[in-house]
Amino acid sequence: MTRRVPCYIREPEVNPDPPHVRQIPADISQHAPHSSWVGGPLFYVDMEFTCIDCGIVELWSAEDQKWWYETAKGYVFSTAGRCTACREVLKSRHGGTPRKSHRDRPEDTDM
Ligand SMILES: [Zn+2]
């Protein structure tokens, strides 16, 4: 039996990958062990992400992903969170100032 799709549900516009997108096949045997049966990515493509610290959009390149998952043994479901600049700041702060306590948060945070 077929269900009619209500007309207000529209198919998302087809947006084929631009031809310049590169894919790097993943070597899943190099992935860090994990308990999920889903597995990690089978290939890497350049992806944009928004830095959780400063909010700028940066590109996480396929090469960096391969390095992260296969060389650095990053958790296979982790993704980039901070831009290069913020990571540098974090590194230089390592072992330094502790995280801000909840006291310092503005009252209007709704997270
Ligand atoms: Zn940043």
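The figures follow:
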| read-out | value |
| --- | --- |
| Pairs, first in a helix (DSSP H, G or I) in region 50-66, second more than 16 Å from the ligand (Cβ to nearest atom) and of a type in the set (Val, Ile, Thr), C-beta under 6 Å, six or more apart | Ala62/Ile24; Ala62/Val45; Lys66/Ile24 |
| Filter result for Gly40 (exposed (fewer than 10 other Cβ atoms within 10 Å of the Cβ), under 16 Å from the mean Cα position of the chain (by Cα), at pLDDT 80 or above and assigned to a loop (DSSP other than H, G, I, E, B)) | no |
| In region 58-80, the residues that are within 16 Å of the ligand (Cβ to nearest atom) and either modelled with pLDDT under 90 or exposed (fewer than 14 other Cβ atoms within 10 Å of the Cβ) (or both) | Leu59, Thr79 |
| Among residues of region 23-51, those that are among the β-branched types (Val, Ile, Thr) and over 16 Å from Ser78 (Cβ atoms), counted | 2 |
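Yes/no per residue for (1) of a type in the set (Val, Ile, Thr); (2) without any contact (Cβ under 8 Å) to a residue 12 or more places away in the chain:
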{"residue": "Gln23", "(1), (2)": "no, no"}
{"residue": "Ser35", "(1), (2)": "no, yes"}
{"residue": "Val45", "(1), (2)": "yes, no"}
{"residue": "His94", "(1), (2)": "no, yes"}
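The values are calculated or read from the model by the stated rules, or taken from the named source; none is laboratory data. None of the values given here were measured: they were computed from a predicted structure. All Cβ positions, even for glycine, are placed from backbone atoms using ideal geometry, and neighbour counts span all protein chains on display.
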